Amino acid sequence: MKCKTILLLITGILLYTSADSMAQNSRILSLNDYTYEYIKRLQHRGLMLELDPTTLPYSYGQVKGALRKLDPQKLNKHEQSWVERIKERVHLNDDNEPNEMGAELTIATRLSDTQRQDALRPLNQKLYAYPYPTLTGYIEEGNFVGQFHFRHDFYYDQDPDGIDAALRLYIRAEESYVGYQSDNVRVMLGRFHNQWGVYDEASSVVSTNARSFDQLNLSLGGKYFSFQSILGELNGLSADESFSEFTFREGSLNRFIAMHRLNWRPSKHLRLTFFESVVYSGNNSGISLKYSNPLLLYSFVVENAPKNDENNLLIGGMIWGQFKNITLNSQLMIDDFEHTRNVGEPTTFTFLSSLNYAMKRSAVDLRAEFEAVAYQSYNTDLAIGFEQPEGRYLYLNRGIATPTNDYVKLKLYPNFYLDQYVTGLKVSPYLTYFLKGEQVINQPFARRNPDGSVIDIILTGEVEKTIRGGLHILYQPKANIWFELDTGYNHFSNYNHVAGASNSRWVTLAKAGFRIALYGNN
């Protein structure tokens, strides 16, 4: 009955939208694509702001529409180079776009001297190679799109943090979906990444850190207001309250996530957002009508009767502003905000911010990024005397928002865009200061230390301190060829949270790949 209701809702939305709209190129531009790097550079210079910088991914049609609004006469040489790279990727031409079908084969690999693909939290020190070839096929007809995508990735098996996501030949369908998009409506059913935040920065609600999960994704937009809604299925919890590959046995819990955001754009250069996210679960939980309603404010009703499913509620807001050559992005998320009962649970938070100064003529960006995530963010408290591990903000054991919690991070760096010397080359020396407390997302809730003292809200226990000086290089001479390198030197104090212990090492990660594409008319 519930599924029929949802299908009727989707059908109504599609019928309401004009049936004779031109083809919109509804296919999603993957968040693994470096095209977002060039869009981000242009947005820091006040261009392509028709695309919301904090609501990703975009569709090919959205990117093409923003490109067509650019005035080539007002672009400098660097901006022209970036625009050409975007056009090359989305196949923009001056003629009407035909309905299209196509296939893409990507051959790529990661090389590193750390098993964990995180330069600030390296694990082990030997050479690792993680190939990740992908095969994609898609077809578009009018406003409709269908895509299948298979990714072979050896890291599925070797990931030290996540649950193995692909048991057969290390292959998983990461970006397979069917969908519909018109000028103001998008409905997608399938599996793909979302980023509610700026590309290649942290997000307090949903990011590309976790594996992509199955979802119903709905977007409605206007000139000043828009909203997005995601209803997704997460991995379940075993009867012994552990996350594992198999959760279909008696006593296991089904887990789902529902999130939505309301966006206000008072001007082209300013965007304000309110968002909510709920993880709910139960032995018989399924698609919920309550959480399927994109206009229901969870913060007012999530604890109300009838309470059929346990849950973990996050609420927060974002602000993105671009003023001349300065861009500010900030997010604040509040986790477990208790206002009706004295349960002794602290209010925990995530605060993320970045500041970018774009030197338009010299093609240099000066950047600062700051992240602070409290010790209990994305974890769950005791409920009526028992633990709620099913409410942890995880998918296949990886954080849906940030990779971990209980940390503070500051990163300072310039971006040098060297297209005038080598087309597609960016060089970024950087300095990062990273403080990590002892708590992690996937562990039992605790309010006090073993000695009885109250746990700090952030940076608990013996804090490990990391200073990293590094160099990041991105080289993409063509849209279908890329090389990325991140190498640097880490110095650790209180190493592994042991007072007085220290360690130092180089940490290097690299990616390289190319894409072969075939396109045609239906």
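The values are calculated or read from the model by the stated rules, or taken from the named source; none is laboratory data. Worth saying up front: this structure is predicted, and the values here are computed from it rather than measured. So basically every Cβ, Gly included, is an ideal-geometry build from the backbone, and we count neighbours across all protein chains shown.
One table, with the values for the structure above:
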quantity	calculated
Residues of region 110-136 classified as over 11 Å from residue 160 (Cβ atoms) and surrounded by fewer than 15 Cβ atoms within 10 Å (Cβ to Cβ), total	5
Candidates 211, 168, 172 - the one that is more than 21 Å from the chain's Cα centre (by Cα), under 21 Å from residue 244 (Cβ atoms) and either at pLDDT below 95 or of a type outside the set (A, V, I, L, M) (or both)	168
Those residues of region 402-424 which are out of contact with any Ser or Thr (no Cβ under 6 Å at 6 or more places or on another chain) and touching a residue at least 60 places away in the same chain (Cβ under 8 Å), in sequence order	402, 403, 404, 409, 417, 420, 423, 424
Residue match in region 306-320 (condition: touching a residue at least 12 places away in the same chain (Cβ under 8 Å), of a type outside the set (Ser, Thr, Tyr), buried (at least 16 other Cβ atoms within 10 Å of the Cβ) and in contact with a Lys or Arg (Cβ under 7 Å, 6 or more places away or on another chain))	yes
Residue match in region 221-236 (condition: hydroxyl-bearing (Ser, Thr, Tyr) and without any contact (Cβ under 8 Å) to a residue 60 or more places away in the chain)	yes
Set 35, 5: member being of a type in the set (Ser, Thr, Tyr), closer than 26 Å to residue 142 by Cα, out of contact with any Cys (no Cβ under 6 Å at 6 or more places or on another chain) and at pLDDT 95 or above	35
Condition met for residue 307 (at pLDDT 85 or above and not polar (S, T, N, Q))	no
Residue within region 144-164 that is among the polar types (S, T, N, Q), surrounded by 17 or more Cβ atoms within 10 Å (Cβ to Cβ), in contact with a strand residue (DSSP E or B) (Cβ under 9 Å, 6 or more places away or on another chain) and not in a helix (DSSP H, G or I) present	yes
Every residue from region 168-187 that is within 10 Å of residue 147 (Cβ to Cβ) and assigned to a strand (DSSP E or B)	176, 177, 178, 179
Candidates 104, 88, 141, filtered to the one that is surrounded by 15 or more Cβ atoms within 10 Å (Cβ to Cβ) and not basic (Lys, Arg)	104
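Residues checked against (1) more than 20 Å from residue 397 (Cβ to Cβ); (2) at pLDDT 85 or above; (3) polar (S, T, N, Q):
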position: 220; (1), (2), (3): yes, yes, no
position: 225; (1), (2), (3): yes, yes, no
position: 239; (1), (2), (3): no, no, no
position: 242; (1), (2), (3): no, no, yes
position: 246; (1), (2), (3): no, no, no
position: 253; (1), (2), (3): no, yes, no
position: 262; (1), (2), (3): yes, yes, no
